[in-house]
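K.L.:
Structure below; questions to follow.
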Amino acid sequence: MSQTAAAPAAAAAGRDRADGRPFIRISGVTKTFSGFVAVNDLTLEVREGEIFCLLGGSGSGKSTLLRMLAGFETPDRGRIEIDGQDMTGVPPWARPVNMMFQSYALFPHMSVARNVEYGLRQDGVPRAERAERVARMLELVKLTPFADRRPAQLSGGQRQRVALARALVKRPKALLLDEPLSALDKKLREETQFELLDIQEKLGTTFIVVTHDQEEAMTLGDRIGVMDAGELIQVDAPRDLYEYPRNRFIAEFVGSVNIFEGRVVEDEADHVLLGDTDLGAEIFIHHGLSCQMGQTLWVAVRPEKMRLTAARPDDARNAAQGVIEDIAYLGGLTHYRVRLDGGKTVRVTRANVERRHADGLTWNDRAWISWPPEAGVALTS
Amino acid sequence: MSAPRRRAPLARMGRALVALAPMAWLGVFFLIPFAVVLRVSLAEPAIARPPFTDIWEWADGVLTIILNFGNYLFLIEDPLYYTAYLNSIWMAASATLICLVIAYPMALAIARAAPRRRPMLLMLVVLPFWTSFLLRMYALIGLMAPTGFVNTVLGALGLEPIVMLQTDFAVYAGIVTGYMPLMVLPLYATLEKLDDSLLEAAHDLGAGPTRAFLTVTLPLSAPGIAAGCLLVFIPAVGEYVIPALLGGPDQLMIGKVLWTEFFNNRDWPVASAVAIAMLAFLALPIMFIRNALGVKE
């Protein structure tokens with residue numbers, strides 16, 4: 001939701017141009033480190049002008065993929081193209097992309113201005129033009145008063161902006177960002193996210209962001225690719241990723257979720273019914289699925305889409321009774337943990353639209369949980 | 001707030017004690033000997049035991065202090081001494097530079113080697129230190145002597161023998177092999193700390209290997225270069241054993257001059273003046289350079 005609010009223009013522009021040609025094309029890339037497969041036969045296309053987030057845990061291969069784009073690692077197999085140009089055998093210093101390092105990797109022996117100027121010097125840009133471009137870039141990241149400082153004299157947020165300016169000053173075709181916000185504290189991180197979006201919108205540069213923080217990926221990304229064990233599991237817009245996860249891994253990795261398991265007992269063209277569930281009641285799926293009788297299926301329901309009621313809901317489907325075990329009141333939201341009579345714990349989130357919920361449900365109360373059929377996502381794996 | 005304040009005097013005393021130990025060490029083994037040498041350098045030679053006069057006399061309630069600066073004047077008048085100084089500084093500086101040029105790639109290679117191989121490589125650098133310095137120099141004589149290993153091999157190949165001993169080359173070889181670890185170790189220490197991502201950033205921003213080395217690795221290893229050069233240069237200037245064993249009789253080096261004054265001429269005052277002057281020549285510029293560097297940091 002925040003990403004559409006913050007960068008609608010950039011996102012839209014990216015998508016418009018996108019349909020014409022993929023800007024960065026990774027095809028069948030594999031990278032192995034002494035027997036360990038870091039990236040496995042991965043294929044991905046990134047569009048011009050979009051912010052693409054690679055989301056994954058540590059060891060998922062996301063950083064290796066980024067380093068292959070920068071040229072620090074060479075794929076064992078496969079091919080990487082940037083703007084139609086094959087990158088095989090092109091060293092890092094000759095690639096049309098720049099990287100913002102997780103540690104920022106600012107040169108400690110150079111001033112802020114010299115750090116930013118470094119890339120232009122390497123390209124032999126004339127002095128006057130260098131000065132002008134550095135000044136403009138420092139202005140963009142609001143660091144003009146700090147031009148003569150050394151990196152050691154800056155705060156974490158300022159260093160992050162120097163790193164950004166240094167990587168952007170060469171006008172790269174794509175900016176690679178390795179965990180761009182992980183070194184900042186939470187409050188600064190939120191501000192910086194929006195600054196990043198702002199700058200990206202102004203410049204229209206393609207961003208490829210590696211992150212393990214799904215909130216960061218959701219805020220920044222026009223599209224997110226979730227990686228696990230060297231493979232891309234799902235590539236989608238944040239909303240689609242959240243609302244339509246492809247499997248249990250994605251559902252659990254992105255946001256919190258309740259996953260119920262059951263076996264198909266009724267398989268019709270317009271609905272499927274699961275029996276023998278850990279909900280303790282039948283689960284109704286409101287659309288047809290290609291499945292077999294007796295097959296195990298899962299249904300994922302987000303906590304905020306669950307209902308919590310004192311009385312049995314009228315629509316008796318997908319409902320079960322339990323005891324409220326835990327309540328976390330967060331102001332705008334309240335999280336409940338309900339232990340079902342069958343033993344399973346279910347998470348329910350309620351928005352506090354009223355000052356007090358009329359039903360007054362509290363610790364150790366018996367209550368019903370349920371969800372409308374369209375709130376659940378049926379998963380086959 | 002009050003607890004730490006109450007503890008402060010104790011802590012301060014502890015800190016003072018810790019600082020006192022090296023101070024006492026320096027006092028006993030540097031300052032007092034230095035004062036003795038300074039005193040001797042201001043005395044006159046005498047045929048006595050010890051072979052110099054006292055610089056003060058106490059007679060009839062009169063304290064007479066006689067400071068003889070003649071020894072220092074002598075150093076200036078006789079070209080032997082400043083030629084020896086300049087030659088020593090020149091040779092030490094050249095040897096230091098050769099050391100640096102050889103040691104830098106070694107240190108860089110060790111720092112870039114796989115972490116589990118580094119201790120072994122460092123060990124190989126330090127290993128020569130486990131044998132006596134003198135033995136290593138005699139080994140060099142064995143290599144470079146007119147009938148030594150190198151010339152025997154050359155002879156066997158039907159080539160003319162080369163004169164190596166008693167030349168500048170032999171002295172350089174001695175200093176470079178003798179002091180190499182002192183150059184490699186500080187260089188390695190700074191290069192090993194160098195963050196790899198800085199080099200990657202340089203590459204990413206368009207710098208090829210050479211440019212990245214010149215703009216990132218080299219400037220960031222400056223402290224190691226300075227430390228290594230000082231560690232080699234300072235002892236090399238006053239070096240006596242290497243020029244005495246490997247060098248020729250016509251090579252004027254201050255260490256040899258010092259030795260001759262002390263033990264051949266038995267002129268302790270002049271010898272002490274030579275030592276003090278050398279210290280002043282070396283220590284003052286180095287302190288000045290250190291201060292200049294310190295201000296920059």
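K.L.:
Tally the residues that are in contact with a helix residue (DSSP H, G or I) (Cβ under 9 Å, 6 or more places away or on another chain) and part of a strand (DSSP E or B), restricting the search to the range A:349-381.
P.N.:
Residues in the range A:349-381 being in contact with a helix residue (DSSP H, G or I) (Cβ under 9 Å, 6 or more places away or on another chain) and part of a strand (DSSP E or B): 5 in total.
K.L.:
Given the conditions (1) under 30 Å from B:ASN71 (Cβ atoms); (2) surrounded by fewer than 20 Cβ atoms within 10 Å (Cβ to Cβ), which single one is not true for B:THR177?
P.N.:
The number of the failed condition is (1).
K.L.:
On the basis of being within 30 Å of B:ALA277 (Cβ to Cβ), out of contact with any strand residue (DSSP E or B) (no Cβ under 6 Å at 6 or more places or on another chain), of a type in the set (A, V, I, L, M) and modelled with pLDDT of 85 or more, does B:ALA35 make the cut?
P.N.:
When the stated conditions are applied, B:ALA35 passes them.
K.L.:
If A:PRO92 passes every condition in (1) within 14 Å of another protein chain (Cβ to nearest Cβ); (2) closer than 16 Å to A:THR211 by Cα but one, which one does it miss?
P.N.:
Status for A:PRO92: all satisfied but (2).
K.L.:
Got at least one residue in the range A:77-84 being within 10 Å of chain B (Cβ to nearest Cβ) and among the charged types (D, E, K, R)?
P.N.:
No.
K.L.:
Which one is surrounded by the fewest Cβ atoms within 10 Å (Cβ to Cβ) among residues in the range A:307-348 that are part of a loop (DSSP other than H, G, I, E, B) and among the small types (Gly, Ala, Ser)?
P.N.:
Of everything passing the filter in the range A:307-348, A:GLY331 is surrounded by the fewest Cβ atoms within 10 Å (Cβ to Cβ).
K.L.:
Between B:SER197, B:SER221, B:SER272, which is among the hydroxyl-bearing types (Ser, Thr, Tyr) and surrounded by fewer than 19 Cβ atoms within 10 Å (Cβ to Cβ)?
P.N.:
Checking each option against the conditions leaves just B:SER197.
K.L.:
Report the residue count in the range A:257-288 for those that are modelled with pLDDT of 90 or more and part of a loop (DSSP other than H, G, I, E, B).
P.N.:
1
K.L.:
Only residues that are among the hydrophobic types (A, V, I, L, M, F, W, C) and crowded, with 19+ Cβ neighbours inside 10 Å: list them for the range A:236-261, please.
P.N.:
Hits for the range A:236-261 are A:LEU241, A:ILE250, A:ALA251, A:PHE253, A:VAL254, A:VAL257, A:PHE260.
K.L.:
Condition first: under 13 Å from A:PHE52 (Cα atoms), of a type in the set (Gly, Ala, Ser) and outside any helix (DSSP H, G or I). Now tell me which residues in the range A:205-236 satisfy that.
P.N.:
A:GLY221, A:GLY225
K.L.:
Further question: Hey, any hits in the range A:214-230 for a residue that's surrounded by fewer than 23 Cβ atoms within 10 Å (Cβ to Cβ), under 18 Å from A:GLU374 (Cβ atoms) and at pLDDT 90 or above?
P.N.:
Looking for residues that are surrounded by fewer than 23 Cβ atoms within 10 Å (Cβ to Cβ), under 18 Å from A:GLU374 (Cβ atoms) and at pLDDT 90 or above, one finds none in the range A:214-230, hence no.
K.L.:
Can you report the number of residues in the range A:317-364 which are farther than 12 Å from A:MET306 by Cβ and of a type in the set (Phe, Trp, Tyr)?
P.N.:
2
K.L.:
Here's another thing I want to ask about it. Select from the range A:78-135 the residues that are β-branched (Val, Ile, Thr) and in a loop (DSSP other than H, G, I, E, B) and write down the one among them that is surrounded by the most Cβ atoms within 10 Å (Cβ to Cβ).
P.N.:
For the range A:78-135, the residue satisfying everything is A:VAL125.
Yes/no matrix, rows are residues, columns are (1) touching a Lys or Arg at 6+ places or on another chain (Cβ under 9 Å); (2) farther than 30 Å from A:LYS173 by Cβ:
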residue	(1), (2)
B:ALA212	no, no
B:TYR240	yes, yes
B:GLY255	no, yes
B:ALA275	no, yes
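K.L.:
Which residues, taken from the range A:121-136, are within 13 Å of chain B (Cβ to nearest Cβ), of a type outside the set (Val, Ile, Thr) and free of Cβ contacts under 8 Å to residues at least 12 places away in the same chain?
P.N.:
A:ARG121, A:GLY124, listed by residue number.
K.L.:
Please enumerate the residues belonging to the range A:271-307 that are under 18 Å from A:VAL257 (Cβ atoms) and among the hydroxyl-bearing types (Ser, Thr, Tyr).
P.N.:
A:THR277, A:THR296
K.L.:
Of the conditions (1) over 27 Å from A:SER63 (Cα atoms); (2) surrounded by fewer than 18 Cβ atoms within 10 Å (Cβ to Cβ); (3) not aliphatic (A, V, I, L, M), A:PHE146 satisfies every one except a single condition; which number is it?
P.N.:
(2)
K.L.:
If you check A:ASN98, A:ASN115, which single one turns out to be within 10 Å of chain B (Cβ to nearest Cβ), closer than 30 Å to A:PRO22 by Cβ and polar (S, T, N, Q)?
P.N.:
The match here is A:ASN98.
K.L.:
Among all residue pairs at least 6 apart or on different chains, which show Cβ distances below 7 Å where the first residue, located in the range A:234-256, is touching a residue at least 24 places away in the same chain (Cβ under 8 Å) and the second is part of a helix (DSSP H, G or I) and of a type in the set (Ser, Thr, Tyr)?
P.N.:
A:VAL254/A:TYR242; A:GLY255/A:TYR242
K.L.:
Cβ-Cβ below 9 Å, separation at least six or inter-chain, first residue in the range B:210-223 and of a type in the set (Val, Ile, Thr), second not in a helix (DSSP H, G or I): which pairs?
P.N.:
B:THR215/A:PHE107; B:THR215/A:MET110; B:THR215/B:ALA207; B:VAL216/A:PHE107; B:VAL216/A:HIS109; B:VAL216/B:LEU194; B:VAL216/B:ALA207; B:THR217/B:LEU194
K.L.:
Can I ask one more? Would you mind finding the one in B:ASP54, B:ASP78, B:ASP60 that is under 27 Å from B:GLY247 (Cα atoms) and of a type in the set (Asp, Glu)?
P.N.:
Every option except B:ASP78 fails the conditions.
K.L.:
OK, next. For the range A:142-159, which residues satisfy the criterion of being in a helix (DSSP H, G or I) and away from chain B (no Cβ under 14 Å)?
P.N.:
Residues satisfying the conditions are A:THR144, A:PRO145, A:PHE146, A:GLY156, A:GLY157, A:GLN158.
K.L.:
Just to be sure before I move on: is A:GLU304 assigned to a strand (DSSP E or B) and either on the phi < 0 side of the Ramachandran plot or free of Cβ contacts under 8 Å to residues at least 12 places away in the same chain (or both) in the structure I sent?
P.N.:
no
K.L.:
Of these, A:LEU176, A:LEU184, A:LEU197, A:LEU143, which one is over 18 Å from A:PHE101 (Cβ atoms) and either out of contact with any strand residue (DSSP E or B) (no Cβ under 8 Å at 6 or more places or on another chain) or touching a residue at least 12 places away in the same chain (Cβ under 8 Å) (or both)?
P.N.:
A:LEU197
The values are calculated or read from the model by the stated rules, or taken from the named source; none is laboratory data. Being a predicted model, the structure only gives us computed values, none of them experimental. Quick reminder, even Gly has a Cβ in these numbers, built from the backbone with ideal geometry, and neighbours come from all protein chains shown.
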